[in-house]
């Protein structure tokens, strides 16, 4: 109750959540409401907003920018949120195990995790696209891999500190099984930092997906991606900037909302996380 | 010292493994390797012949050893699309990327650290709010979108700066600034919270009690204690700059490693992909290794 009360007074968390809700609603329901995103009409190209029934105008090929943007949001949400969610589950499991079991397994895991973690997400995605060809799959693989190791790394660090604490020592002395200690005693204590970090990693994933699609290595036409829409519109910035502006602003709002939620959660759950989180989120 | 040696050895082993992985993944990327050089109508036999000519039919380990041997001696093969020698291209591309990346890292710290300090010293005033909001926005704006905005404003509208290409100092300004935006935002946040954390410490109270001036406390003692996380951030910046440079170089047509790699992937020019991927993997790995060694040496608590 106290936490909920404080959450409501946290400006960053509230504004971030409101923006995120709008984005999610647009991404989930928008494509049903706004109709065909791939319908072309060359006579109706480069229209400014609110003309000829185009809510946010049309692109060079006369396609509805609003309809394309909501599909772009859906793709971006899918890549960033669902892939990061899977990464969080696997990464937490790896981090918990490595930090608690220690020994040779931990050394090997740490070695590999630290190595992969050193690579920026966009570079990993480009390398993946270089190996398996352009498309959404390399982006998904890269987001999954990099976010898994990033979470595993932080969870392991947290667990190392926690295993020295009395309550874990007591649980061990009490004869509880390893699985029970991991799930009932350690997991709840690493959840706050995981929650805060995963919101930053969602933000990085949104940017990576958009960037890859912008340079042409991500989502392939006719699938609309926000990054690719910005790229398509860049030749017409002076004639009709809306084609780039709309997806550009949408990406900005998406990333902003997730970062605000991250900042808000951090202050809410544990202000002492501040530097630790910023160090880890410098990805 | 022992921990540093074991880290160097294990990193080099991982580098070997990952370079083999990248190498193998690119070689196995299917029949499309031939697409860059041959027309769509080419027959399956012709494609097979071409693959054999460039040695793609040999076992992967043998190809790797051959390639690495050539890599060390500087024989890097030719581009499939332009037929240019990669060893001639590489020098210029690497130099351009170093110029861009180096100026970006400089800008990040010259701008980011003072701004973060100002925000911390003027905390909870409008200056702090302004700097903090600027840094939140700086982290949320994707750099390709920022690039388009700056090109629109400074190149298309005001005609102050060129919109792309490599033509001396003026053409460096926009790409370097765009590449730095996210780093500046992050450095501001890091510096601000590290300073604030230290301002609350007991040693600051002791120094005040000893009668030191506020200026001396902040600029000498607090700053020095706040520098460690900032230094470790500098090491991480190298990797980040490599990642974002892939995008920024492509937008601005800056002829560096990032641009040639992205174009290589788009055109399936696999000798180009092969060399520049390996180059970036090695650069990032060594950058991280030096950063972690530097961090260990700079932090007396980790030195053993």
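Estimated from helical segments only, the mean residue ellipticity of chain A at 222 nm is -23500 deg cm²/dmol, where each DSSP H run of four or more residues counts as -39500 (n - 2.57). Counting only other chain Cβ atoms within 10 Å of each residue's Cβ, the peptide A:230-237 averages 3.
Mean separation of Cα pairs under 8 Å and 6 or more residues apart, divided by the residue count, gives region B:3-159 a relative contact order of 10 percent. At R0 = 45 Å, how high is the FRET efficiency between residue A:238 and residue A:25 if r is their beta carbon distance? Nearest 0.05 is fine. Here the calculated transfer efficiency is 0.85.
Label-to-label distance for residue A:104 and residue B:94 is 3.9 nm, based on points extended 7 Å past Cα in the beta-carbon direction. Over chain B, DSSP H runs of length four or greater, each weighted -39,500 (n - 2.57), average out per residue to a 222 nm ellipticity of -24500 deg cm²/dmol. GNM remark for chain A: springs join alpha carbons under 10 Å apart, and the peak mean-square fluctuation among A:151, A:112, A:89 falls on A:112. On the basis of the beta-carbon distance and an R0 of 45 Å, residue A:164 and residue B:208 show a calculated FRET efficiency of 0.85.
When you count the other C-beta atoms within 10 angstrom of each residue and take the mean per peptide, B:100-108, A:138-146, A:204-212 line up highest first as A:204-212, A:138-146, B:100-108.
The mean number of partner chain beta-carbon atoms within 10 angstrom of a residue's beta-carbon across peptide A:246-254 is 3.
Extension gain, residue B:128 to residue B:44: 0.36 nm times the residue separation minus the Cα-Cα distance gives 23.7 nm.
Highest mean first, the peptides A:184-193, A:238-247 sorted by other C-beta atoms within 10 Å per residue fall in the order A:238-247, A:184-193.
Of the candidates B:45, B:249, B:62, which one comes out as most mobile in a Gaussian network treatment of chain B with C-alpha springs shorter than 10 Å? Among B:45, B:249, B:62, the largest GNM mean-square fluctuation belongs to B:45. For chain B, the longest principal axis of the alpha carbon atoms and the long axis of helix B:44-53 meet at an angle near 70°.
With contacts taken as Cα pairs under 8 Å and at least 6 residues apart, chain A reaches a relative contact order of 25 percent. Taken as Cα centroids, region B:99-133 and region A:213-238 sit 32 Å apart, rounded to the nearest whole angstrom.
Mean per-residue shielding of peptide A:104-111 is 1, counting Cβ atoms of other chains within 10 Å of each Cβ. For chain B, the longest principal axis of the C-alpha atoms and the axis of helix B:257-267 are separated by about 40°. Cβ crowding within 10 Å, taken as a proxy for footprinting-reagent exposure, orders A:117, B:254 from fewest neighbours to most as A:117, B:254. In terms of the Cα gyration tensor, with a ≥ b ≥ c the square roots of its eigenvalues, is chain A rounded because a/c is under 1.5, prolate because a/b exceeds b/c, or oblate? It comes out prolate by the Cα gyration axes. The Cα atoms of region A:129-283 give a gyration tensor whose axes a ≥ b ≥ c have a/c of 1.5 or more with a/b greater than b/c, which makes the shape prolate. The mean sequence distance of close C-alpha pairs (under 8 Å, at least 6 residues apart), as a share of the length of chain B, puts its relative contact order at 25 percent. Just to confirm the number: angle between the C-alpha axis of helix A:242-269 and the first principal axis of chain A, 0 to 90 degrees, nearest 10? Approximately 20 degrees, to the nearest ten.
Build a GNM of chain B with springs between Cα atoms under 10 Å apart, and of B:113, B:204, B:222 the one that fluctuates most is B:204. Estimated from the Cβ-Cβ distance and a Förster radius of 35 angstrom, the FRET efficiency linking residue B:215 and residue B:110 is about 0.95. Taking 7 Å steps out from each Cα toward its Cβ at residue B:9 and residue B:137 produces label points 5.3 nm apart.
Just so you know, all these numbers are worked out from the coordinates, no wet-lab data involved. Since the structure is predicted, the reported quantities are computational estimates derived from the model, not experimental observations. Neighbour counts are summed over all protein chains in view; Cβ atoms, including those assigned to glycine, are modelled from backbone coordinates with ideal geometry.
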